[in-house]
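These notes are about the structure you will find just below.
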Amino acid sequence: MAKDFDHDIIVVGGGPAGSCFARIAAGAGLDVLVIDKRKEIGVPVRCGEGVNETEIIKEGLDLPRSCYSTPIVGAKIVAPNGKSITWKDKDTKGWILERKTFDKWLCELAVEKGATLKTYTRALQLLKDEKEKPNGLTISHGGREPFDLHAPLIVSAEGMESLIARQMGFKTVHALYDVDTCYEYEMKPYDHENLIELYFGNALAPRGYVWIFPKADRKANVGIGVGGNVANGDKLGALKGAQPKPLLDQFIKGNEQLKESSTLLDFGGVISVGAPINEFAKDNCMIIGTAAKQVDPIHGGGIAIAMEAGVMAAGAAIKAFEKKDFSKAIFTEHYEKPWRENTGPRLAKRLMLRKVMEKVSDDDMNHIFSTITDQDLQQIMNGNFAGPVAKVVGTRPQLLGVLRGLIG
Ligand SMILES: Cc1cc2nc3c(=O)[nH]c(=O)nc-3n(C[C@H](O)[C@H](O)[C@H](O)COP(=O)(O)OP(=O)(O)OC[C@H]3O[C@@H](n4cnc5c(N)ncnc54)[C@H](O)[C@@H]3O)c2cc1C
């Protein structure tokens, strides 16, 4: 352990970002403390729980059976007029997780590598040295008397809340336009074919969509995301104040299966759907995962991206300890730069797709769905827009202006 410190690294947050960071850093022999304010890791669940298989494989992890509810074999996308495209592919798999067990499993992997995890432990205040550089945290366990812990490197993996990240000086506050406000039920019974179902329409879910994610035992996560500016009555005229829960209830009433189903779980939440923050590192600290707005802006999915960022940032931390250099420069070189070169452009393309989709009217959306095929949809999902866009523009040239950005 570094001299005069309690730990080498303190990580705030035991979600996918923090636990993956801790697994790699502790595996390299560093003394890592992860604190999480929750009494139990992964609980309560506030997530659709969908994740792409390829991302987990990239992590080199073998997902235990207890960590997922059901595998996914494809997707069904439904237009405002009800027309759907279904896409199944042996190479496009993922899972609907059980985050209660999944998040705990990721933390256990970190603990097995030597990290220490403390639940029900909240970071209250960032501590700084005489040069104003972070060197510790004031924390409280179970609401008891706060105490200080020191480390030369502090990592914020706090998710949406990001209190400590803001004290570090990171610009984590979201504009309403850059969040979706969400509501979700776990429901039963719902018979499905292990497909993700996504429903679009400006009346159904303004600036968002409804999802049905299949779970085992005839269950499903049924949720909605609505643009934060819409839900909060910003600008969009007739759509002002469209709240996610009533809109989701309306959708459920109109669904032949769900209108008869029970709810097993009920929760609301906010997800980030904008661009990542402008910097991921400063002297003596880094920010990873959803705290850094590292999410897929199409749907706000951030589990796999958080895991990936955790691993990359841990690589940078290992370098920092080798060189005894905790400057912004070393974290930027080994974490932020490779992230922006690899993951950044992929997410930027997804953000562009979101912006395009927001400009498309329901009528245009219906037209697009009646023009493209399941193979086109697969190409879009893989980030190849040129073929499908050419097809749509060929039949409705006025969409060229809106869709042009996707092929540029
Ligand atoms: C309604 C909804 C549906 C979603 N559906 C999906 C989905 O289907 N697929 C997907 O990939 N993503 C989904 N997401 C997003 C996903 O949940 C996050 O992107 C993911 O959990 C990010 O991981 P993380 O480790 O960065 O943060 P988190 O998982 O949020 O973990 C942060 C941790 O930090 C802890 N913490 C925060 N502040 C402090 C503090 N001061 N002291 C101590 N601990 C602290 C929290 O308790 C928490 O455990 C959804 C989100 C919502 C709200």
Which residue pairs have Cβ atoms under 6 Å apart, sit 6 or more places apart or on different chains, and have a first residue in the stretch 42-69 that is farther than 18 Å from Asp217 by Cα and not assigned by TED's automatic domain parsing to the domain that holds Cys182 and a second that is within 11 Å of the ligand (Cβ to nearest atom) and not in a helix (DSSP H, G or I)? Arg46/Phe267; Arg46/Gly269; Val51/Gly94; Val51/Trp95; Val51/Leu97; Asn52/Gly94; Glu53/Gly94
Which listed residue, of Gly18, Gly48, is near the ligand (Cβ under 9 Å from one of its atoms), under 19 Å from the mean Cα position of the chain (by Cα), part of a helix (DSSP H, G or I) and buried (at least 23 other Cβ atoms within 10 Å of the Cβ): Gly18
Which numbered condition Glu308 misses (of (1) over 17 Å from the mean Cα position of the chain (by Cα); (2) farther than 30 Å from Leu204 by Cα; (3) charged (D, E, K, R)): (1)
Qualifying positions in the stretch 256-281 - modelled with pLDDT of 95 or more and in contact with a Gly (Cβ under 6 Å, 6 or more places away or on another chain): none
Do you know which residues across the stretch 289-340 are within 12 Å of the ligand (Cβ to nearest atom), surrounded by fewer than 24 Cβ atoms within 10 Å (Cβ to Cβ) and more than 26 Å from Asp62 (Cα to Cα)? Ile298
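Going by what's in this entry, would Ile196 be described as buried (at least 21 other Cβ atoms within 10 Å of the Cβ) and part of a strand (DSSP E or B)?
Yes.
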If you go through the stretch 292-315 one residue at a time, do you hit one that is of a type in the set (D, E, K, R) and assigned to a helix (DSSP H, G or I)? yes
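Yes/no per residue for (1) surrounded by fewer than 18 Cβ atoms within 10 Å (Cβ to Cβ); (2) closer than 30 Å to Glu260 by Cβ; (3) of a type in the set (S, T, N, Q); (4) within 17 Å of the chain's Cα centre (by Cα):
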| position | (1), (2), (3), (4) |
| --- | --- |
| Gly143 | yes, no, no, no |
| Asp148 | yes, no, no, no |
| Ser162 | no, no, yes, yes |
| Val179 | no, no, no, yes |
| Lys188 | yes, yes, no, no |
Unmet requirement for Glu161, which otherwise passes all of (1) outside the structural domain of Gly14 (by TED's automatic domain parsing); (2) under 25 Å from Ala304 (Cα atoms); (3) out of contact with any Phe, Trp or Tyr (no Cβ under 7 Å at 6 or more places or on another chain); (4) at pLDDT below 95: (1)
Test Asn202 against the criterion of being of a type outside the set (Gly, Ala, Ser), assigned by TED's automatic domain parsing to the domain that holds Gly300, away from the ligand (no atom under 15 Å from the Cβ) and surrounded by 18 or more Cβ atoms within 10 Å (Cβ to Cβ), and give yes or no. no
Looking across the stretch 190-220 at residues that are at pLDDT 95 or above and of a type in the set (Val, Ile, Thr), the single one that is farthest from Ser261 (Cα to Cα) is Val210
Identify the single condition in (1) within 25 Å of Lys131 (Cα to Cα); (2) in contact with a helix residue (DSSP H, G or I) (Cβ under 7 Å, 6 or more places away or on another chain) that Ala329 does not satisfy, given that it satisfies every other one. (2)
Does Phe170 satisfy being buried (at least 18 other Cβ atoms within 10 Å of the Cβ) and touching a helix residue (DSSP H, G or I) at 6+ places or on another chain (Cβ under 7 Å)? no
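Can you tell me how many residues within the stretch 368-391 are within 30 Å of the chain's Cα centre (by Cα) and either assigned to a helix (DSSP H, G or I) or assigned by TED's automatic domain parsing to the domain that holds Gly208 (or both)?
Of all residues in the stretch 368-391, those within 30 Å of the chain's Cα centre (by Cα) come to 368-369, 372-389.
With either assigned to a helix (DSSP H, G or I) or assigned by TED's automatic domain parsing to the domain that holds Gly208 (or both) added as a condition, the list becomes 368-369, 374-381, 386-389.
So the count comes out to 14.
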Just to be sure before I move on: is Asp325 outside any helix (DSSP H, G or I) and without any contact (Cβ under 8 Å) to a residue 24 or more places away in the chain in the structure I sent? yes
Of all the residues that make up the stretch 126-139, how many are under 27 Å from the mean Cα position of the chain (by Cα) and farther than 22 Å from Ala313 by Cα? 1
Looking for whichever is in the same structural domain as Gly13 (by TED's automatic domain parsing), more than 9 Å from the ligand (Cβ to nearest atom) and out of contact with any helix residue (DSSP H, G or I) (no Cβ under 9 Å at 6 or more places or on another chain) here; the options are Thr138, Thr116, Thr121. Which one fits? Thr138
Is at least one residue of the stretch 73-89 under 21 Å from Ala314 (Cβ atoms) and away from the ligand (no atom under 14 Å from the Cβ)? no
Can you name every one of the strands (runs of 3 or more DSSP E) wholly within the stretch 63-146 that holds 1 or more residues which are touching a Pro at 6+ places or on another chain (Cβ under 8 Å)? 68-72, 94-97, 121-128, 134-141
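The values are calculated or read from the model by the stated rules, or taken from the named source; none is laboratory data. The model shown is predicted, which means the values in this text are computed figures rather than measured ones. Glycine gets a Cβ as well: all are built from the backbone with ideal geometry, and neighbour counts include every protein chain shown.
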